[in-house]
Amino acid sequence: MLADVRLEKSADHSDPVAGYVTAGGASRRFGSDKALVEFGGKTLLSRMCELVQAATGSVRVVAPQGRYVDHGVTIVEDRWPDEGPLGGIITALLATEDSGSKREWNLVVSCDMPFLTLGWLEYLCMRTLSSDVEVVVPQSAYGLEPLCACWRTAAAALLRAAFDENVRKVTEAMKRLRMEVLDETHWKRFDSAGQLFWNMNTPQDYESALRTFRTGQT
């Protein structure tokens, strides 16, 4: 069994990575707000917030104005609602920058990835703290997984420049950054079934995820 990996603290005992959950999507294919569906006795939003909080020591939710105000979470208003996940990621980095925090890194994950684990997120953050790049991102059989990645706060300007040039695909904007890619030799130990980065887009995806969860196949 892999030894438990814990995120190291900086010298002043503050948490070195800011944590964010993005929940700005319209859930059009899902038919309702997928962040609020139940999974394992909790909403997906609550589940993801608890994981990110445990991994980084903090969590804020990037969402459109007025959304989730009654759900006990700290909201960062998405600066570009309905413009896709890249705008949410930039919003998160700018929020850290504007807060005056000395945190150089940000863990940003999507709210609809039910099989993420604390062990993996802690490992991702640990790897990030020793990296000299601008984004640390896992790569699965489906390609880069930018909706579960660590972004350097200073990368906000380069991402914003891409966004202002009408780039909306996250992986396209990432080409302007120095990247460290973590392939399956890094994440497979946390996910032998290959489901770690699986996300839910439709009601059918949700039912499939529930069946997998209930049968203990994760």
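Laboratory data are not the source of any read-out in this text; all were calculated from the coordinates shown. The structure displayed is predicted, hence computed values, not measured ones. In this analysis, Cβ positions are derived from the backbone assuming ideal geometry, glycine residues included, and neighbour counts consider all displayed protein chains.
Taking the stretch 122-142 as the range and being farther than 12 Å from Glu104 by Cα and among the charged types (D, E, K, R) as the test, the residues that pass are Glu122, Arg127.
Under the condition of being of a type in the set (Lys, Arg) and in contact with a helix residue (DSSP H, G or I) (Cβ under 6 Å, 6 or more places away or on another chain), the residues counted in the stretch 169-195 number 1. For the stretch 95-106, the condition holds for no residue, the condition being that it is under 18 Å from Asn199 (Cβ atoms) and in contact (Cβ under 8 Å) with a residue 24 or more places away in the chain.
Each residue in the stretch 74-100 was checked for being surrounded by fewer than 18 Cβ atoms within 10 Å (Cβ to Cβ), hydroxyl-bearing (Ser, Thr, Tyr) and within 16 Å of the chain's Cα centre (by Cα), and 1 of them qualify. Scanning the stretch 79-95 for residues that are farther than 22 Å from Asn201 by Cβ and of a type in the set (A, V, I, L, M) gives Ile90, Leu93, Leu94, Ala95. Of the helices (runs of 4 or more DSSP H) contained entirely in the stretch 101-218, those carrying at least 3 residues that are buried (at least 19 other Cβ atoms within 10 Å of the Cβ) and of a type in the set (A, V, I, L, M, F, W, C) fall at 118-129, 156-164, 170-174.
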